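Just below is one structure, and these are the notes that go with it.
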Amino acid sequence: MAFWKKQPALRGMSILILIMLATLAPISAQDTAPSSDTTRNLQSGLSVSDTLDEANAARVYTYTAQTAEQIQIEVTSDTNLVALVTDGAANTIVSQTNIVDAFDVQLPIAGTYYLTIFSAAGIPESEIDFSILITLESGSVATFQEPAQLITQTGIQMSLAWDSIANLDLEIRDSVGGSLRFATPSVASGGAFGINQNSVCANQTTNPVEQATWPAGAVPTGSYELLVYYQPLQDCPTSDPANLTLSATVDGQAIETIEGSIAPGQVFLASVTIGEDGTITTGASGIKVDPPTATGIDISTANPLALGTAVNGSITRSQTAEIYRFTGQANDVITLSMDATGGNLDTLLMILDPNGNIVGTNDDRANGITNAQIQNLTLIVPGEYTVIATRYGQSLGGTEGTYALLLESQTVTQTASNEVLATLSNLPRGSVAVSLQWSTNADIQLLVRDPQGNTLFNDRTSVASGGQLISNGNLNCTVAQGSPLLYAYWPEGRLQAGAYEIEVQYRNQCNDNRPVRVTLNVIAGGTNVISTTTQDMLFQERYVSSFFVDTAGVITAGDGGLFGTVVRPDASGFLPQVNATSDSIPTISFNQTINGSIRLDRRAEFYGFDGEAGQVVSVQMQRVSGTLDPVLFLISPNGIQVTQNDDATGDTRDALINQFALPETGRYIIIATHFGGQFGVTAGDYTLGLRPS
């Protein structure tokens, strides 16, 4: 949004306006102060009607901006009027004479502004009727109204009911920052929590109800957030979804009940807003999305965010996120803080890299502190980064309020266990740079295999081709300071022709069982070859991707995706091909050895044999040449993956399905492939043998 710029022609207009004001009925300094008449306080979206006459030749109104914002002012009258907008220091923001159409005004900072309306013809000889309508322009901050007090005869009643013995917990966050739940059964606003239902196995009921009440008298207006947690009990676990109903009544006025379904570990969100006139409205409701997502958020318009300069904003029901942008350089280490300054706002932050990947998120900077902070995030890709300032629950959330956002540059020292590099704020770039970032305490492992087949990972931090691993993320559950980072690179001049393979392995939950989305960036030959954020990864899952450098130096990214788990690699990517070619798959006989080869254009070969239920067989696949890392799958007659093997032992890459008892009679299919399946890139020749046991 461009700031309003004074045009040269307006200088004369300003002088004319000052002369006009001097000839009007006296308008002193007090006239520019807010009037005690509430009709003089303008609000976005609310029209105000008024009159000019001989005794009131000018009218002064106030408008409060929560932050820098663009408004549109529409003055409707049958007479030519003049509008003058000034700030609290009497500086002219804009002056508009002979108003015909609505006009835009850019308010540069938060604060109180004054709108003066008078006739262009001077002191009116008769009454002039007019109306004013201020509209907040798209992309500006919606106005947050601080909670007031509503006097009630019967207070507030809110309740949660559900239809099972599951342990659901109700929490209500009131509009002034109180959190009412079984652990905090009273809050400063007067709320009291009732009985905590189904919290122990011995006292379970099939139709439980939890209630919270505020007594008659003054209650806070504003937004109340209702949260329902499904927390399974260890001694009497329940795993079935529960159907829930949320109810609320304010001074005898009831909302339409909110209904939903919730599964173990989920959080259901809803909100209720109490107006100053006693009206009660409900907001959106549903299961909280975890981890947070940028899907559906318009990031096309954004406010600039400068290093070291705090900006103010607000989150409301009508505006649940605000967007900012800043330019970052590779190796920058930044900290972004979002602190609530008003209301009951529970802040949430996300940072998107120049390719739109979420590279940092935070809800609470520490236990018991709901302000958000992304600490010591190392920027990998240079360019324009996007900041999403929002709230817990995003569009489903119910907290509202003002906040301060601050971007800072940090110098972070973090000693990797391999001690190759201690300072992550000066990452070497080289001819190949592979980075992995995520935002949980989980131990994620990065493995990069070079064209010679040598693999760089935590236990081998350098390889003969020049590759080095210089950051270990949360290795062995030693949680990294700030956003965890894994970083591998090859020095300049070490870019080799051939295929590079990348594996991301979710190795340890480290007492943090949240799904993990990792952001992978690969810069090779000065080009950002891969920039992607994975889908949710669960414990022990593996993601595989690759890129290929041809002899002319042209670099091409390969496909990427999940390849099952460490325990069970996944053959599903090959099953459509197996089904389509089942009639032409060659047969392998018992005690026969077959020679085959895996290439980038032939990632798997299939063999069939007939087996009897209970028969014990062994299948062995051995590398003969190349970088091939063999993997075997066995598919049953009904098309199900019944067993598999990656490495026969810890000392070999060869694959062995050893002494497996066939579950049924029929034709089995052997899939001979390489690590990563349809996403892998190792290649070479092999021998395959089928043996009865």
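Derivation of every value follows stated rules applied to the coordinates shown; laboratory data play no part. Remember, predicted model here, so these are calculated numbers, not experimental data. Positions of Cβ are backbone-derived with ideal geometry, glycine not excepted, and every protein chain shown enters the neighbour counts.
Against the main long axis of the alpha-carbon atoms of the chain, helix 9-23 sits at an angle near 40°. Each of GLY283, ILE73, TYR489 was placed along the dipole of the chain (beta-carbon charges, centred on the mean Cα), and the one lying farthest toward the positive end is TYR489.
Of the residues GLU492, GLU400, the one with the fewest other Cβ atoms within 10 Å heads the list, and the complete ranking is GLU492, GLU400. Considering only ALA499, GLY526, ILE297, the residue lying farthest towards the positive end of the dipole of the chain is ALA499, judged by Cα position with unit charges set on Cβ.
Taking Cα centre as origin and charging only the Cβ of basic (Lys, Arg, +1) and acidic (Asp, Glu, -1) residues, the dipole magnitude of the chain rounds to 1900 debye. Summarising the amide proton neighbourhood of THR399: residues at separation of 5 or more, or on other chains, whose placed amide H is nearer than 5 Å comprise ASP346. Distance from the alpha carbon centroid of the range 554-589 to that of the range 80-100 works out to 70 angstrom. Taking other C-beta atoms within 10 Å as the exposure proxy, GLU384, GLU541 rank GLU384, GLU541 from fewest upward. Phi angles of the range 671-684 translate, via the Karplus equation with coefficients 6.51, -1.76, 1.60 and θ = phi - 60°, into HN-Hα couplings of 9, 9, 9, 10, 4, x, x, 5, 9, x, 9, 5, 9, x Hz per residue; Gly and Pro are given as x. For the Cα trace of the chain, dividing Rg by the Kirkwood Rh returns an Rg/Rh value of 1.10. Cβ crowding within 10 Å, taken as a proxy for footprinting-reagent exposure, orders ASP346, ASP570, ASP443 from fewest neighbours to most as ASP570, ASP443, ASP346. Here's the picture: charge each Lys and Arg Cβ at +1 and each Asp and Glu Cβ at -1 in the range 36-168, and of SER44, ILE123, GLN145 the one pushed furthest to the positive end of that dipole is GLN145.
Separation of the range 246-309 and the range 625-643, taken as the distance between their Cα centroids, equals 48 angstrom.
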